[in-house]
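Novice: Dropping the structure in here first, questions after.
Each value in this text was obtained by applying a stated rule to the coordinates, not by laboratory testing. Keep in mind it's a predicted model, so treat the numbers as computed, not measured. Glycine also receives a Cβ, built like all others from the backbone with ideal geometry; neighbour counts cover every protein chain displayed.
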Amino acid sequence: PGPMLGLAIQEFQKIVALEPDTIDDHLLLGQLYTLKHDTADAKMQFEEARRIDPSSEDVVLNLARLYGQQGDIEQAVKVLKDVPADERSPKIDLALGAAYDQQKNIKLAIPAYQAALSIQPDNLDAQRALAEDLISDNQIDAALKIFEGITAQDPQDAHSFLRLAELERTQGHLDKAEAALAQAKALDP
């Protein structure tokens, strides 16, 4: 893959030179640099794409992912937060929540996941992440409600049935806990 990757990079460098205001070309060149582990050039391409369209979901997510891979979660959060709240997609809000979780800041992660769900209420990844953070924030009733919804939407999700069983047990609902545990065991013995 080394020589082919180098050739692809050379071709996209030419394309970007010919069409410098095309976001997709900068994104693809940045992704190629990422594959080559050339983070400086990848960052330069993603930043150039962001200059062209600061709210582009693909640009913001690629740039935040790059910062996250470099361990610079603070900069990843900044990139995601720079998109105005009313212009954020569910994916951007989900990524922002995950970045806050990496910073161990559930007080900010919870509203980010809620924002993602306000746009896309059936997003199971956002629901799971929100429920876990609600548990960490000792909002057990709210987490329980979310896990009930998750298991209704995805009856094959053994992990969510297991979490539901744990929450029901802590609430003293032993019959419900046993039923959820039986469902989890049936899905994943």
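Novice: Would you mind getting me the FRET efficiency between Ile52 and Gln156? Use the beta-carbon distance for r and R0 = 41 Å, nearest 0.05.
Specialist: Approximately 0.45, to the nearest 0.05.
Novice: What is the stretch 8-79 by shape, rounded, prolate or oblate, if you read a ≥ b ≥ c off the alpha carbon gyration tensor as root eigenvalues and call it rounded for a/c under 1.5, prolate for a/b larger than b/c, and oblate otherwise?
Specialist: Verdict is oblate for the stretch 8-79.
Novice: I've got another one for you. Let me know the number of lysine pairs in the chain closer than 17 Å at the Cα, not counting same-chain pairs under 8 apart.
Specialist: Value for the chain: 9.
Novice: For Leu5 paired with Gln69, estimate the spin-label separation in nm (one decimal), with each label point 7 Å from Cα along the Cα-to-Cβ line.
Specialist: Here the answer is 0.9 nm between the modelled labels.
Novice: Show that you can apply the helix-only estimate: for the chain, add -39,500 (n - 2.57) for every DSSP H stretch of four or more residues, divide by all residues, and state [θ] at 222 nm to the nearest 500.
Specialist: -25000 deg cm²/dmol
Novice: OK, next. Could you tell me the largest-minus-smallest coordinate of the C-alpha atoms of the stretch 126-189 on each of the three principal axes, in descending order and whole angstroms?
Specialist: 30, 26, 16
Novice: Rank Pro155, Pro54, Pro111 by mean-square fluctuation in a GNM of the chain with C-alpha springs under 10 angstrom and give only the top-ranked residue.
Specialist: Largest GNM mean-square fluctuation: Pro155.
Novice: Another question, then. Sort out for me the Cα centre separation of the stretch 122-189 from the stretch 47-79, rounded to whole Å.
Specialist: 33 Å
Novice: Moving on to the next point. Taking the alpha-carbon set of the stretch 42-189, what are its Rg and Dmax in Å?
Specialist: 17.7, 57
Novice: Defining a contact as two alpha carbons under 8 Å apart and six or more residues distant in sequence, what relative contact order in percent does the stretch 70-189 show?
Specialist: Details: 128 pairs, mean separation 18.0, N = 120.
This gives 15 percent for the stretch 70-189.
Novice: Right, something else. What is the distance, in nm, between label points placed 7 Å from the Cα along the Cα-to-Cβ direction at Asn105 and at Ser118?
Specialist: 1.9 nm
Novice: Still on this structure, I have one more. Taking the chain as a Gaussian network, where each spring joins two C-alpha atoms under 10 Å apart, which residue of Lys14, Lys78, Lys91 fluctuates the most?
Specialist: Ranking Lys14, Lys78, Lys91 by mean-square fluctuation puts Lys14 first.
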